[in-house]
Amino acid sequence: LAKGAPEAILRRCSRVLTPGGIHDLSGEKRARFVEEAEAMARRSLRTLAFAFRPLPDMEGERPPGELESDLVYLGMVG
């Protein structure tokens, strides 16, 4: 699991979890999530985004920076 500022988490995500399953995170969807975070910030809300990476993708040792890449975006709270 990963958490952090929405813009930082979204940079590391390549997919998004939806009610219909995991799908590719398009540039359009990514921009919509950034806009939502900015709208929350304008209402004086601090935002925190969440993502994960499925465990089967993490077999073997990996460089630390690689562990938080190719994440699946879960959403954000404010």
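Brief remarks on what is shown
- Pairs meeting the criteria (first residue in segment 1-23 and under 15 Å from M40 (Cβ atoms), second residue in a loop (DSSP other than H, G, I, E, B), beta carbons under 6 Å, at least 6 apart or on different chains) are P6/T47.
- Taken residue by residue, segment 57-78 has no member that is open to solvent by 60 Å² or more (accessible area, probe 1.4 Å), among the basic types (K, R), part of a loop (DSSP other than H, G, I, E, B) and modelled with pLDDT of 95 or more.
- Residue count for segment 8-29 satisfying the condition of being under 14 Å from A51 (Cα atoms), open to solvent by 70 Å² or more (accessible area, probe 1.4 Å) and of a type outside the set (D, E): 5.
- When segment 1-35 is filtered for residues that are touching a Gly at 6+ places or on another chain (Cβ under 9 Å) and over 15 Å from D70 (Cα atoms), only F33 remains.
The values are calculated or read from the model by the stated rules, or taken from the named source; none is laboratory data. As the structure is a computational prediction, the values presented were derived from the model and not from experiment. Counting neighbours? That spans all protein chains shown, and the Cβs are built from the backbone with ideal geometry, glycine included. Each accessible area value is taken on the protein alone, full model and side chains, heavy atoms only, with ligands, DNA and RNA left out. Shrake-Rupley method; radii C 1.70, N 1.55, O 1.52, S 1.80 Å.
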